[in-house]
Amino acid sequence: MKKIIYSILTLSLILTGSLSVTSCGSDDSTTTVTPNPEPEDNEPQTQTLVVTASATSGYLGDVITLSATLDGAAITSGVTYYVDDVAISGNTLTSDVEADLLVSAKYQNVTSDYVTVSFEENPFLDIEGVGNYSYNGTNVVINGALLRAINAFPDGNGGYTIWWIQEGWTGNNPSTSENYIAVSFDTPAVVENNQLVSYELPGANMNTYYSIETALINGQLMVSDQFTGGTGVVTYNAFDGESNPATADFNISVTGTHNILFNYVGDISPVASARAKSVKGNKHNLQIKSLKDKELVKQELLNKILKK
């Protein structure tokens, strides 16, 4: 189960060094051979070879598995995979520097189209915090969290709110964590002439529970679709969106079909000025959205964080 988290602002991570692509086979060896050749005699291909990556993006050091099908049928042997037109041994790849890699495959005289696999630095490595997350009585300790301001939405009563999502996990990589929780809530906002004028930051009394976005505990997916039922209380005892990283002390509880307790003290953004500022929010980056858009944003979030 992989969950890939995206924030409102793209984190710009600049690394130096030459590109090193490693193919991981049964013996963990790396083999370089000749570039990917074209079909013999330039004859048109009558079969379709498709290469698929287990993930189209990963963090530095992650291992991504490649597979191929010929006319829809899986091929388990005889396939050679290429990265940037250079053959690799085995069917896995990784990278220790940021890169966008072009991956293809060749089987007999049939060559696939390219797919792109990207590697980037894990922005969550330096997040520090401590908390607890429990689902229906099962409790785990968490040590990472991320707060995101999604956008401004009408509240259905003539006003507007900012929709926030608070996430938490164990380990330093939410993409591979066995324990992950995401709860959303709203704070009041002022919109004039379709422009966001101001809004309330998360605090002790200004937060209105909206939903459980997803819940994973001990590797078991408990909530896979946005759940807006139950009764929730979201309290931020402290919140500092100006610090780098941003920090918070919060307590979240949801009771009903899904009983959630989610408490945490520590960093709620990576150590990066742009990401830290995004936690506080920026009226120039937030857009006015409709309630229908909120459903679309929810689905997009689920597609990104609930990805095997």
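Quick one: if the Förster radius is 30 Å, what FRET efficiency do GLU98 and ASN132 give, using the C-beta to C-beta distance and rounding to 0.05? Efficiency for this residue pair is about 0.30.
Placing dummy labels 7 Å off each Cα toward the beta-carbon, the span from ASN218 to THR52 is 3.2 nm.
Counting only protein heavy atoms and a 1.4 Å probe, the stretch 80-132 has 43 square angstrom of accessible area per residue.
Between THR255 and TYR114, what's the calculated FRET efficiency when r is the beta-carbon distance and R0 is 45 Å? Round to 0.05. Don't jump to the answer; show the numbers that get you there.
On the way: r = 50 Å, r/R0 = 1.11.
So the FRET efficiency works out to roughly 0.35.
Accessible surface of the stretch 109-189, 1.4 Å probe: 42 percent of it comes from carbon and sulfur atoms. Given R₀ = 30 Å, what would the calculated FRET efficiency be for THR65 paired with ALA238, taking r from the Cβ atoms and rounding to 0.05? That pair, THR65 with ALA238, gives E of 0.10.
The values are calculated or read from the model by the stated rules, or taken from the named source; none is laboratory data. All figures in this text were calculated on a predicted structure; none of them were measured in a lab. With ideal geometry, Cβ positions are generated from the backbone for all residues, glycine too; neighbour counts draw on all protein chains shown. Side chains are part of the model used for accessible areas, which takes the heavy atoms of the whole protein and leaves out ligands, DNA and RNA. Shrake-Rupley method; radii C 1.70, N 1.55, O 1.52, S 1.80 Å.
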